Amino acid sequence: MKLFDLHCDTLYECCETGRRLRENDLHVNRAAARKYRHYAQFFALFCGARAPSETLARERDCLLDTPADRRLERMLETARREFADNADWLSFCRSADDLAEAARDGKAAAFLSIEGAELLPDRPDALDNAYEAGVRLLTVTWNYRSRFGCPATLDQEEGLTNAGRELVRGCADRGIIVDVSHLSEQGFWDVCETIDGPFVASHSDSRALCRHPRNLTDRQFAEITRRGGLVGINLYTPFLVRQSDSTIEDAIDHIEHFLGLYGERTVALGCDFDGCDELPAGIDGLGDLYRLADRMLALGYRQSTVDGLFYDNAFAFVQKML
Ligand SMILES: [Zn+2]
């Protein structure tokens, strides 16, 4: 089977801990990727989080200790190093043609995204330089308030700043996909007002099923669908269920809910691998995702629905956008 995932934080782990993409104890590595007939991934360049404890901070070379205007370059150095060291099985893609070529050559397709636009240096040419470096998707905020806007976890009623609107317009003009995961509800509707075309929520679930502020309301999902956008199902347990453990069936509930909102072409995967620690039982990383497909087929979902979720919807979207 084929797999196209919209969001992982593996490069951030590589950046701060010195781990390598090829072989590691993370969710994403070569062995896991090679289980799939074709594998495509948006690898996030992450703006950086404060380590939850002093001990953890000491174990990591924290990105936030790097001066703000050098952080993107540091994440890019990690990406370039890892992509170069894995060029035998993975191809750095910047366009739909690159993706099609990687698929033809049997190589994994690696796209770059930015998670948290504050990773961009505060300079007028920052977005042009990011595009030039290969960034093709931008998650406007992470969980911190930034000069661009406010995240869902802080205040749903505080939206984009003027700089945020300009950024979103700049992405649409250049061919960088706008991503509203993490963004507040007001920010979501500000994006809708600012650009006409499709956008994505790369790693968010349904708020109707799990009342977490990071999840999407049905109205938001319907708007993304109306525009021909994409929503990636996140496997982080607190977004799936309001308890400490989750199962593969809990993820299928969210998929089912979105499918019921005419989401057959909208729903994709954005598992949040290496950005989250609590996953459904039976899924310990990328290599176990086939279990989700197997379970859906056993429950009677059509092969075409499963293929759409796992690969075809994201592939078609990239063909349209990049
Ligand atoms: Zn995230």
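The values are calculated or read from the model by the stated rules, or taken from the named source; none is laboratory data. The model shown is predicted, which means the values in this text are computed figures rather than measured ones. All Cβ positions, glycine included, derive from the backbone under ideal geometry; neighbour counts span all protein chains shown. Just the protein is used for accessible areas: all its heavy atoms, side chains included, with ligands, DNA and RNA removed. Shrake-Rupley method; radii C 1.70, N 1.55, O 1.52, S 1.80 Å.
Of all residue pairs spaced 6 or more apart or on separate chains, those with beta-carbon atoms under 8 Å, a first member in the range 39-64 that is farther than 19 Å from Glu115 by Cβ and without any contact (Cβ under 8 Å) to a residue 40 or more places away in the chain and a second member that is away from the ligand (no atom under 15 Å from the Cβ) and open to solvent by less than 50 Å² (accessible area, probe 1.4 Å) are Ala57/Ala51. Scanning the range 241-275 for residues that are touching a Ser or Thr at 6+ places or on another chain (Cβ under 6 Å), open to solvent by less than 10 Å² (accessible area, probe 1.4 Å) and assigned to a helix (DSSP H, G or I) yields a single hit, His254. Checking the structure you have, find out if any residue of the range 64-78 is crowded, with 17+ Cβ neighbours inside 10 Å, among the basic types (Lys, Arg) and more than 17 Å from the chain's Cα centre (by Cα). Yes, some residue in the range 64-78 is crowded, with 17+ Cβ neighbours inside 10 Å, among the basic types (Lys, Arg) and more than 17 Å from the chain's Cα centre (by Cα). Scanning the range 112-134 for residues that are within 16 Å of the ligand (Cβ to nearest atom) and out of contact with any His (no Cβ under 8 Å at 6 or more places or on another chain) gives Leu112, Ile114, Ala117, Glu118, Leu119.
Residue count for the range 5-35 under the criterion of being in a loop (DSSP other than H, G, I, E, B) and either charged (D, E, K, R) or within 15 Å of the ligand (Cβ to nearest atom) (or both): the result is 10. Contact map, the range 230-257: residues that are over 18 Å from Ala201 (Cβ atoms) paired with residues that are surrounded by fewer than 17 Cβ atoms within 10 Å (Cβ to Cβ) and among the aliphatic types (A, V, I, L, M), Cβ distance under 6 Å, separation 6+ or inter-chain. Pairs shown: Thr247/Ala281.
Residue-level analysis places Ser184 outside the set of residues that are open to solvent by less than 50 Å² (accessible area, probe 1.4 Å), touching a His at 6+ places or on another chain (Cβ under 7 Å) and over 25 Å from Thr78 (Cα atoms). Might you let me know whether the range 208-218 holds any residue that is touching a residue at least 24 places away in the same chain (Cβ under 8 Å), under 17 Å from Tyr262 (Cβ atoms), of a type in the set (S, T, N, Q) and open to solvent by 10 Å² or more (accessible area, probe 1.4 Å)? Looking through the range 208-218, at least one residue is touching a residue at least 24 places away in the same chain (Cβ under 8 Å), under 17 Å from Tyr262 (Cβ atoms), of a type in the set (S, T, N, Q) and open to solvent by 10 Å² or more (accessible area, probe 1.4 Å).
Restricting the range 36-63 to residues that are under 30 Å from Arg291 (Cβ atoms) and open to solvent by 80 Å² or more (accessible area, probe 1.4 Å) leaves a set whose member that is farthest from the ligand (Cβ to nearest atom) is Arg37. Just one of (1) open to solvent by 10 Å² or more (accessible area, probe 1.4 Å); (2) touching a helix residue (DSSP H, G or I) at 6+ places or on another chain (Cβ under 7 Å) fails for Ile177. It is (1). Count of the range 1-35 residues, restricted to those that are farther than 21 Å from Val231 by Cβ and either open to solvent by 30 Å² or more (accessible area, probe 1.4 Å) or not hydroxyl-bearing (Ser, Thr, Tyr) (or both), is 22.
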